[in-house]
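*Asks:* The structure follows.
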Amino acid sequence: MAVLARWCFRHKWLVIVLWVAALLGTGAAGRIAGDAYSNVFSLPHTESAKVLDLLDKAVHDQSGESDTVVWHTDAGSVKDPAVRDRIAPVLDRIRHQKDVGKVVSPYDPAGAAQISKDGRTAYATVTYDVLGAKLSEGQVHDLVDTAHSARRDGLKVEVGGNIVAQIEQPPPGLSEFVGIAAAAVVLFLAFGSLLGMLTPIVTALFAIGISSSLITLLTHTMNVPDFSGQLAMLVGLGVGIDYALFIVTRHRKGILSGKSPEESAVTAVNTSGRAVLFAGGTVCIALLGMFTVGLSLLYGVAISAAMTVVVSVLAAVTLLPALLGVFGTKVLSRRQRRRFAATGPQVGESTGAAARWSSFVQRHPRSLAALAIAVMAVLAIPTLSLRLGSSDQGNNPTSTTTRKAYDMLADGFGPGFNGPLTILAEVPGGARDKQALDGLVSTLGRTKGIAYAAALPMQPDSTVALVQAVPTTSPQDKATSTLINHLRQDVVPQAERGTTMKAYVGGPTAIFKDFSTVLGNKMPIFIGVIIALGFVLLLLAFRSIVVPLTAAVMNMVAAGASFGVLVATFQWAWGGSLLGATRQGPIDAFLPVIMLALLFGLSMDYQVFLVSRMHEEWVHTKDSARAVRVGLAETSRVINSAAVIMICVFGAFALSGVRVLGMFGVGLAGAVALDAFILRTVLVPSLMHLFGRANWWLPGWLDKRLPHMAVEPADEEVAPVRPGQEPDLALASSAD
């Protein structure tokens, strides 16, 4: 590390040119190739997947994306000639749009039931013959614009559907801009120097710029969901600034202690840079742990985010020392340079608020640990009520066409109408099977929780029948999930008994329910894998049993408390409209997996930066109390600054007004805040004071068998501090 850092410092302009070339080259390649994002995913061995497969084979024009055009008249009836003459031509234009397989109008005999009982609301189903992921954004806009062209005073027309909801998402880039602006303010307040503030931001921007282009190219080699890029950029912005912040902070301290800018930069990369390498590795392991879930939808997410972290680490250990070589001592504030010139190098232990807090923790470890545990336990209580599922479009912002369509259908046909269940029955033939199908429809109609059920007309020579059952509760309601289980376990098997008919319960609501079940079943394996790998890495790095064990427990505590905040805010709807929590509803099933991967990775970051400085002091002094005190005093301020930056970046998503983005932002911002300000600043150092020398205990037999992988460099690798040596202030440019 020292050799690499010194080379990058001395060949700063070459390194910068190479990074600029990489940014421009990958950017050009990405623009030429274009993106090919795909939200296709499979749920093998589930009933909903079986329904999709059979639909695609037997009823191709009903197996693709399905959207709904809804209209409501304030007076009269939708059957009035004035309304019909306005709507019918619009539906006919939609019918002839690209990839539209079928449009069922309430004015056709097949759609006679698509008019509400009061006659004022009606809908038409638009079914494409391809999945939504294969539709272009232009096709979706054409559908919405064509439908809206029928509007007039007293006639409302809206469009609902999953693919329509996707184009209503806020434009990408806004959250990143807010995060960068907030990070700049935090860094300027922390450093007091314009160039000191710019160094981490420039490093992070290079990293996310290159990563963004690499992800675009990655979409041509595997299925990558369309939200992967935004998520990866969010992660890259957070960790990129944080990693550079840790190194720059160590560099600034080195200059103030008397090192030349070169020796200070080399020492910073050789110490904090090693911690960055190790921390980045733990984040990548946590992200790639998503492969254990076995869902292809998450593979592209994991690789995209991990690739962004790798590029961020490379930028921190190569581009950053080159920038430090350009800026020289200008990474210090004017006041720091004047004080240095007047008083000379600053040596000895850290002073100030961080040092005073560290001493306070050393004096009161028991009471502070008890208080921190109590706070985290209270925040974790709502986690016991965690329910995974999928938010329906009734949670969308009230200004969107999908939310308006949802409300119109719920008012006209009942809350369950927005999530009908599709029961697909294979009917090989014979009167007995036909009777069984009729009996199934009749039983469904009498089943508690179903508003009505009806069999759709079978196509000629087809052995597949479709039955639509509308629940009395909304798609995201817990009762709907319970109903699906009841149909699969009791109602359908009873109808199949004694016949060759096989029926399966599917539809969008059932798909999301199966998705939640699969993820919930795989979650213990996922958590176990990333905890075990993190434990092994910390064991190798710090040669200790207690340190990695403490980290594993702290990760679980942080996860429990952050999910508690998430449940209270969104599942219990305490967040309000500002956060998109306008209605009670489940936590989206994919969110905990992504959150846990990021949370475990970021928690390990803070643990590594905190404990590596403690371990460094322990190796030199063998005084555990001093090691914990000095480590906390010297790292708590930078950890808290890094956490504030993360909170700002993630918090920008929480204010988007979109429920899923709000959940992601609140969950991660809350997790980082609790981890940095309570766990790493209070609970971990308090426990380490209580454990004493046991923190660094490792059985001799295990020590001999473990490979050595130290976060800190060997003593001879660290650039020596030469008393009286002052940085060459002449290296600084005239501008700050």
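The values are calculated or read from the model by the stated rules, or taken from the named source; none is laboratory data. These figures come from a predicted structure and were not determined experimentally. With ideal geometry, Cβ positions are generated from the backbone for all residues, glycine too; neighbour counts draw on all protein chains shown. For the accessible areas, the whole protein counts, side chains as well, though only heavy atoms, and no ligand, DNA or RNA atoms are used. Shrake-Rupley method; radii C 1.70, N 1.55, O 1.52, S 1.80 Å.
*Asks:* Can you give me the solvent accessible area of D99 with a 1.4 Å probe, rounded to the nearest 10 Å²?
*Replies:* About 50 Å², rounded to the nearest 10.
*Asks:* I would also like to ask the following. Students often get this wrong, so try it: which of (i) 0.98; (ii) 1.60; (iii) 1.11 is Cα Rg over 2.2 N^0.38 Å as calculated from the structure shown?
*Replies:* Answer label, from the structure shown: (iii).
*Asks:* Hey, what do the phi angles of region 79-95 turn into as Karplus ³J(HN,Hα) couplings, whole Hz, using 6.51/-1.76/1.60 and θ = phi - 60°, x for Gly and Pro?
*Replies:* Result, ordered by residue: 7, 4, x, 5, 6, 4, 5, 8, 7, 4, x, 5, 5, 5, 5, 5, 4 Hz.
*Asks:* How high is the relative contact order of region 89-239, in percent, with contacts defined as C-alpha pairs under 8 Å that are six or more residues apart?
*Replies:* Dividing the mean separation by the residue count of region 89-239 yields 15 percent.
*Asks:* Keeping the other protein chains in place, figure out the carbon and sulfur percent of the accessible area of the chain, with a 1.4 Å probe.
*Replies:* Taking all protein chains in place, the chain shows 61 percent carbon and sulfur surface.
*Asks:* On a straight-distance basis, which lysines could pair with K448 in a cross-link, Cα separation under 29 angstrom, same-chain partners fewer than 8 positions away excluded?
*Replies:* K50, K117, K404, K434, K478, K502, K513
*Asks:* Return the FRET efficiency for the residue pair T343, V3: r is the Cβ-Cβ distance, R0 is 35 Å, and the value is rounded to the nearest 0.05.
*Replies:* In this case the efficiency is close to 0.55.
*Asks:* If you don't mind, another one. Expressed as an acute angle from 0 to 90° and rounded to the nearest 10, what is the orientation of the C-alpha long axis of helix 47-58 relative to the principal long axis of the chain?
*Replies:* The angle comes out near 50 degrees.
*Asks:* So if I take the centroid of the Cα atoms in region 203-266 and the same for region 102-133, what is the distance between those two points in Å?
*Replies:* Cα centroid of region 203-266 versus Cα centroid of region 102-133: 50 Å apart.
*Asks:* Of the listed peptides 534-542, 379-387, 416-424, what is their order by residue-averaged count of other C-beta atoms within 10 Å, with the highest listed first?
*Replies:* Averaged packing, sorted descending, gives the order 416-424, 534-542, 379-387.
*Asks:* If I take R0 = 56 Å and measure r between the Cβ atoms of R497 and W572 in this structure, what FRET efficiency does the formula 1/(1 + (r/R0)^6) give, to the nearest 0.05?
*Replies:* 0.85
*Asks:* Further question: Give me a comma-separated list of calculated 3J(HN,Hα) values for region 669-674, in order, Karplus coefficients 6.51, -1.76, 1.60 applied at θ = phi - 60°, integers in Hz, x for any Gly or Pro.
*Replies:* Once rounded to whole Hz, the list reads 4, x, 5, 5, 4, 5.
*Asks:* Counting each DSSP H run of 4 or more residues in the chain as -39500 (n - 2.57), what helix-only mean residue ellipticity at 222 nm follows after dividing by all residues, to the nearest 500 deg cm²/dmol?
*Replies:* Dividing the helical sum by the residues of the chain leaves -19500 deg cm²/dmol.
*Asks:* Just to verify a number: what accessible area does I545 come out at with the full protein assembly present, 1.4 Å probe, Å² rounded to tens?
*Replies:* Its accessible surface works out to 40 Å², give or take rounding.
*Asks:* In whole Hz, with x marking every Gly and Pro, tabulate ³J(HN,Hα) for region 241-248 from phi via Karplus 6.51 cos²θ - 1.76 cosθ + 1.60, θ = phi - 60°.
*Replies:* For region 241-248, the Karplus curve yields 5, 4, 4, 5, 4, 4, 6, 5 Hz.
*Asks:* Take every Cα pair under 8 Å in the chain that's 6+ residues apart, average their separations, divide by the length, and report that relative contact order as a whole percent.
*Replies:* Value for the chain: 19 percent.
*Asks:* With a 1.4 Å probe and all protein chains kept in place, how do Y452, Y299 rank by accessible area, largest first?
*Replies:* The residues order as Y452, Y299, largest area first.
*Asks:* Give me the net charge for the shell around T517: Cβ to Cβ below 15 angstrom, other residues only, Lys and Arg +1, Asp and Glu -1.
*Replies:* Here the count lands on +3.
*Asks:* Keeping every protein chain present and rolling a 1.4 Å probe, give me the accessible area per residue for region 506-626 in Å².
*Replies:* Each residue of region 506-626 exposes 30 Å² on average to a 1.4 Å probe.
*Asks:* Oh, and also: Would you rank R705, R488 by solvent-accessible area, highest first, keeping every protein chain in place and using a 1.4 Å probe?
*Replies:* From most accessible down to least: R705, R488.
*Asks:* Also: Could you give the accessible area per residue of region 299-458, probe 1.4 Å, as a whole number in Å²?
*Replies:* Using a 1.4 Å probe on heavy atoms only, each residue of region 299-458 averages 45 Å².
*Asks:* Return the distance in nm (one decimal) between the two label points of a simple spin-label model at W13 and A88, each offset 7 Å from Cα along Cα→Cβ.
*Replies:* 7.7
*Asks:* Would you calculate the separation in nanometres between label points at A625 and A455, each defined as 7 Å from the Cα along the Cα-to-beta-carbon direction?
*Replies:* For the pair A625/A455, the computed spacing is 8.3 nm.
*Asks:* So what is the relative contact order for region 232-340, in percent, with contacts set as C-alpha pairs under 8 Å and at least six apart?
*Replies:* Once normalised by length, the contact order is 38 percent.
*Asks:* Further question: Can you give the accessible area of L288, probe radius 1.4 Å, in Å² rounded to 10?
*Replies:* Answer for L288: close to 80 Å² accessible.
*Asks:* In terms of modelled amide H atoms, which long-range or inter-chain residues lie less than 5 Å from the amide H of G258?
*Replies:* Here the answer is Q346, since their amide H atoms fall under 5 Å of that of G258.
*Asks:* Calculate how steeply helix 137-148 sits against the longest principal axis of the alpha-carbon atoms of the chain, using the helix alpha-carbon long axis, and give the answer as 0 to 90 degrees to the nearest 10.
*Replies:* Taking the Cα atoms of the chain, the angle to 137-148 is about 50 degrees.
*Asks:* In degrees from 0 to 90, rounded to the nearest 10, what is the angle of the helix 401-413 Cα long axis to the longest principal axis of the chain?
*Replies:* Taking the Cα atoms of the chain, the angle to 401-413 is about 40 degrees.
*Asks:* If I model a spin label as a point 7 Å beyond the Cα along the Cα-Cβ vector, how far apart are those points for K704 and R334 in nm?
*Replies:* Between K704 and R334, the simple spin-label model gives 6.3 nm.
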